[in-house]
Structures are given as structure tokens and as C-alpha cells.
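The values are calculated or read from the model by the stated rules, or taken from the named source; none is laboratory data. Note that the structure is predicted; figures quoted are calculated from it, not measured. Cβ sites come from the backbone with ideal geometry, for glycine too, and all protein chains shown count toward neighbours. These accessible areas exclude ligands, DNA and RNA; they are computed on the full protein's heavy atoms, side chains included. Shrake-Rupley method; radii C 1.70, N 1.55, O 1.52, S 1.80 Å.
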Amino acid sequence: MTGTSANGMEYARLGDGDKTLLFIGGGPGSEIPSGLMAKVMSAQHKAFVRAGYTVWNVTRRRNMPAGHTIADMADDYAVFITQMLGGQVDLVVGESYGGIIAQYLAANHPPLVGAVVLALSAGTITEWGKDVDLRWATARAEGRDDDAGAVFLEYVIPGAHRAGLRRRLGPLAGRLFAHSAVPAGDLLVEGQAEAAFDGRGVLPSIQAPVLILCGDEDQFFSRGSVEETASLIPDCTVVWYEGMGHLRAAMSGRMPTDVLAWVGTKGRQPA
């Protein structure tokens, strides 16, 4: 089932279990996936459905005002939980950009959140990560799909010596974003909010148990950042994906198994 909440957040619901899972996806930009990406995400989410969850995949709200911060986006998700999920969610899974929002959601709205997973996320982002995401968001917002494709390829074909190859492949990669439904203004808002993000100040306020899943070669969230994040959260467990960077860890398929194993021993169970 798909729909749009009263505060303008698009969602897709999968399953009808007694427990609720809020999935906050990556960015900059968020939309309900279609095609191949929908199949990949559905396969991961079905593991949670089989474990008794109703999974809610929820986008950022549309047409966010200029200057909307990560904390403001977390407030938007708090409104969604209150309006759509009865005022409490058993498990929040924030992936990458979604994880930086989940930190503020847990810290600023503790009654709404049971347990939290920061998948490929941490309290600070590398300067390279902020720069590449802001350039990617800006190119997409300006309709420069070829440039957006070339920037995206910096994730998978890094290095200055490969810049020419990325430019040549940029038009092909850019097709991935050419028909996105994310408003241009929202892409810019998210890119700018990420560039200003530093969650370390709110991490000690998180009351929920937290699981961090991260590759030890992640280009966006360094090992040092993950370790610092874990040290600042009162109840935090870290699982490392050895030898994996950001995209490889995201596509590994390990996350549902690791999350459910942790929830079984550490996560807060629904009342």
C-alpha cells in the first residue's frame, strides 16, 4: 500500500505484523523506489515482515523550506509517527542519510522510538562525503543529469586519475536520476542540511538502544567517526562489515539478519 501523509510524506507499507518498523532511506533526495530498486528493497524488507513487522518506508516531506535542518526533518518523522503509527514505533532503521535523521529523531523524541538502527551512518560525515553529496544534489536539482551521473560515479570509481572515465560514463549513470520525482528544492535543502550536519551534540541524549552497522572502509562515515558515535550513545552496539565500503555494505544483504539478531537480544520489545 502506498500513500501520502497529511504532512506531505510519501510512504509504502509492507506487511501487517503487530510490530512496526520505520525505514528512513538515504539521500540527498528520497522517494519510494520503483523497478529494480523496488525489488531489491522489497527483498530486504520482507525479512522483517516474516519476523512480524509492518514496514513503513517513508520519504522526507515534500517542498521543504530553505534552511530546513536535519533536526527539522526528524521533527517531520515525529509527526508522521504520531499521525500514522499511533504515536510509537518499535524499530527505526535509518540508512545512510536516513541514519543521520534517525539520530535526531531518537534524541529529540524519545517517547516515540523503541530501538534504533544506524545502517551505514554515524554522528559525523567525512568532508569528502559532504562535498560529493552536495555536488550530486546540486547537479540533479539543476537538471544536469550527465554531471550528476559523473559525480555519482565518484562513489564507485574514485580517484582523480579516473575523472575522464567518469565524465564519459556520466550520461549513462545520469539516466538513473533523470526521471526522479524529488523536487529540485528538496534536493538542495537536503544537500545543504547534510553539509551542516554534526550529530555529536545530541547523541548522549538518545535513550533507545542503538545498533550501528558500517563497513570499515566506508567513504562517508569513517571508522573513527563510528567509534566516536558509539562512545557517545549510552546503549550502543557496533557490527563491522569488514573490507566493505558504503555501497558494497548497502548491497550485501546482511542487514536484515544482523538487525533481527540484535533485536532478539538487545532491542526493546513492544509492550
Residues in segment 226-253 that a label on residue 162 would reach, taking backbone N under 19 Å of a point 7 Å out along Cα→Cβ: 243-252
Within 13 Å, Cβ to Cβ, of residue 149, how many net charges do the neighbouring residues add up to if Lys/Arg are +1 and Asp/Glu are -1? +3
Quick one: work out the % antiparallel among DSSP beta bridges in the chain, nearest 5. 25 percent
Ranking by accessible area, most exposed first, for 214, 236 with a 1.4 Å probe: 236, 214
Angle between the chain longest axis and helix 97-108 axis [Cα atoms, degrees, rounded to 10]: 40 degrees
Step through the residues of segment 115-126 one at a time and calculate ³J(HN,Hα) from phi using the Karplus curve (6.51 cos²θ - 1.76 cosθ + 1.60, θ = phi - 60°), rounding each to whole Hz and writing x for Gly and Pro. 9, 10, 10, 9, 8, 6, 8, 6, x, 9, 10, 4
Heavy-atom accessible area ranking, 1.4 Å probe, most first, across 225, 180: 180, 225
Students sometimes get this wrong: rank 55, 156, 49 by accessible area, probe 1.4 Å, all chains present, largest first. 156, 49, 55
Considering only C-alpha atoms, what is the centroid distance from segment 84-109 to segment 134-164, in Å? 29 Å
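Would you mind getting me the FRET efficiency between residue 42 and residue 175? Use the beta-carbon distance for r and R0 = 22 Å, nearest 0.05. Could you put the intermediate results ahead of the total?
On the way: r = 22 Å, r/R0 = 1.00.
Efficiency at R0 = 22 Å is approximately 0.50.
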Taking the chain as a Gaussian network, Cα atoms linked when under 10 Å apart, which of 79, 189, 93 shows the biggest mean-square fluctuation? 79
What residue among 107, 173, 43 shows peak mean-square fluctuation when the chain is described by a Gaussian network model with Cα springs under 10 Å? 43
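Around residue 178, with a cut-off of 14 angstrom between Cβ atoms, what is the net charge of the other residues, counting Lys and Arg +1 and Asp and Glu -1?
Details: positive: 140, 144, 175; negative: 31, 142, 145, 146, 147.
Its environment carries a net charge of -2.
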